[in-house]
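Peer 1: Sharing a structure below in structure tokens format, with a few things to ask.
The values are calculated or read from the model by the stated rules, or taken from the named source; none is laboratory data. These figures come from a predicted structure and were not determined experimentally. Note that we place each Cβ from the backbone using ideal geometry, even for glycine, and neighbour counts take in every protein chain shown.
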């Protein structure tokens, strides 16, 4: 009898999970990093990072929770691990209106994602619908100041539509800033061009990424052109090996960036060669040059091994070399 009761309880719990439409996915990564400066200083570091994504759905309403466990930011935790709830939001529909509310970060693939930091904030809300093939949306970017629940007074609004196969975007960011985007492909050439403009002089920023394939090699060129220094805030780029937003130093006027990337596959290994420059990235008249080689391979075990070597300037006559090995898996 006891065994039957236990079996019934287990079956009921499994059925409840199935009915609730709950899924759990995630990823894990171990990193080793060796840093060597031109001054002769060396540093060995390692870090373990894991992420869990929990999603549930009931009809047209869904919830999402993203949790990160990171050993590199654990100074106040005796277990050596920092736990952070990164994303936490709800999606639903009210008539034809799609609603997203909570806390999330915008991707670098979103409009102006390579220019502005897509930071998380509390209390975001986004409303969207489609009218005659045009996506129209509006919302609030979240908490204002340091208090919880204080909504930002600057609402945003925008639209997305397809014109001759191109994705065209416009976004009114706030009272003083607007953004434009054009993305598509023509004759084997992929392109993404975006511009941010703000009231006042010397406030504009333009980003472009153009790529194609020549034989078995991918070739791409990416650039940022800013009308003044320190206008780019993104620090976690999906395209640039070294981000303008993460390298600004006192007195710098980083107002432009160029990067060329070559990719190819050799014997099951994906190889990437990157060369770039941030104009005035280390001060007025002192450019930041960098190069990077990345080799990655999918292992039979289901994991992916990635080796990255980066050489970048840190001053007018100084540089830093970093050698990184990542072992990662997704599930």
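Peer 1: Kindly indicate whether any position in the range 9-26 is surrounded by 14 or more Cβ atoms within 10 Å (Cβ to Cβ), out of contact with any strand residue (DSSP E or B) (no Cβ under 6 Å at 6 or more places or on another chain), farther than 30 Å from residue 313 by Cα and at pLDDT 80 or above.
Peer 2: Among the residues of the range 9-26, not one is surrounded by 14 or more Cβ atoms within 10 Å (Cβ to Cβ), out of contact with any strand residue (DSSP E or B) (no Cβ under 6 Å at 6 or more places or on another chain), farther than 30 Å from residue 313 by Cα and at pLDDT 80 or above, which makes the answer no.
Peer 1: Within the range 38-47, track down each residue that is exposed (fewer than 15 other Cβ atoms within 10 Å of the Cβ) and in a strand (DSSP E or B). Write out each step before concluding.
Peer 2: So in the range 38-47, the residues exposed (fewer than 15 other Cβ atoms within 10 Å of the Cβ) come out as 38-46.
Those that are exposed (fewer than 15 other Cβ atoms within 10 Å of the Cβ) and in a strand (DSSP E or B): 42, 43, 44, 45, 46.
Peer 1: From the residues in the range 124-146 that are at pLDDT 95 or above and over 17 Å from residue 172 (Cα atoms), which one is surrounded by the most Cβ atoms within 10 Å (Cβ to Cβ)?
Peer 2: Applying the filter and picking the extreme gives 130.
Peer 1: Please find, within the range 166-178, the residue that is modelled with the lowest pLDDT out of those that are in a loop (DSSP other than H, G, I, E, B) and under 18 Å from residue 110 (Cα atoms).
Peer 2: Initially, the range 166-178 is screened for residues in a loop (DSSP other than H, G, I, E, B), giving 173-176.
Now drop any that are not under 18 Å from residue 110 (Cα atoms), which leaves 173-174.
On the way: 173: 93, 174: 89.
Once the filter is applied, the top-ranked residue is 174.
Peer 1: With the structure loaded, tell me whether residue 239 is within 20 Å of the chain's Cα centre (by Cα), under 29 Å from residue 51 (Cα atoms) and assigned to a loop (DSSP other than H, G, I, E, B) or whether it fails that test.
Peer 2: Details: within 20 Å of the chain's Cα centre (by Cα): yes; under 29 Å from residue 51 (Cα atoms): yes; assigned to a loop (DSSP other than H, G, I, E, B): yes.
It is true that residue 239 is within 20 Å of the chain's Cα centre (by Cα), under 29 Å from residue 51 (Cα atoms) and assigned to a loop (DSSP other than H, G, I, E, B).
Peer 1: Something else about it: Counting only residues that are more than 22 Å from the chain's Cα centre (by Cα) and assigned to a strand (DSSP E or B), how many does the range 129-138 have?
Peer 2: Just the residues of the range 129-138 that are more than 22 Å from the chain's Cα centre (by Cα), to begin with: 129-136.
Okay, now just the ones that are also assigned to a strand (DSSP E or B), so 129-131, 134-136.
Looking only at that region, the number is 6.
Peer 1: List every residue pair whose Cβ atoms sit under 7 Å apart, with the two residues 6 or more apart in sequence or on different chains, where the first one lies in the range 40-55 and is touching a residue at least 12 places away in the same chain (Cβ under 8 Å) and the second, anywhere, is outside any strand (DSSP E or B).
Peer 2: 47/71; 47/72; 48/71
Peer 1: Regarding the range 205-220, can at least one residue be identified that is buried (at least 16 other Cβ atoms within 10 Å of the Cβ), within 20 Å of residue 175 (Cα to Cα) and without any contact (Cβ under 8 Å) to a residue 40 or more places away in the chain?
Peer 2: Yes; the residues of the range 205-220 include at least one that is buried (at least 16 other Cβ atoms within 10 Å of the Cβ), within 20 Å of residue 175 (Cα to Cα) and without any contact (Cβ under 8 Å) to a residue 40 or more places away in the chain.
Peer 1: Counting only residues that are part of a loop (DSSP other than H, G, I, E, B) and surrounded by 15 or more Cβ atoms within 10 Å (Cβ to Cβ), which one in the range 269-314 is farthest from the chain's Cα centre (by Cα)? Step through it out loud before you land on a result.
Peer 2: Initial filter on the range 269-314 (part of a loop (DSSP other than H, G, I, E, B)): 280, 282, 284-287, 299-303, 314.
Among the residues that remain, those that are also surrounded by 15 or more Cβ atoms within 10 Å (Cβ to Cβ) are: 280, 282, 286-287, 303, 314.
Details: 280: 25, 282: 24, 286: 28, 287: 25, 303: 22, 314: 24 Å.
It comes out as 286.
Peer 1: Further question: Hey, could you check the range 85-123 for residues that are at pLDDT below 90 and over 17 Å from the mean Cα position of the chain (by Cα) and say which is surrounded by the fewest Cβ atoms within 10 Å (Cβ to Cβ)?
Peer 2: Here the answer is 122.
Peer 1: Of the residues that make up the range 200-212, is at least one in a strand (DSSP E or B) and over 22 Å from residue 292 (Cβ atoms)? Explain how you work it out, then say what you get.
Peer 2: Within the range 200-212, the subset in a strand (DSSP E or B) is 205-212.
Then keep just the ones that are over 22 Å from residue 292 (Cβ atoms); that gives 205-206.
Within the range 200-212, one or more residues are in a strand (DSSP E or B) and over 22 Å from residue 292 (Cβ atoms).
Peer 1: Would you check which residues across the range 243-267 are part of a loop (DSSP other than H, G, I, E, B) and modelled with pLDDT under 95 and list them? I'd like the intermediate steps shown before the answer.
Peer 2: Step one: list which residues in the range 243-267 are part of a loop (DSSP other than H, G, I, E, B), which gives 243, 247-255, 267.
Matches in the range 243-267: 243, 247, 248, 249, 250, 251, 252, 253, 254, 255.
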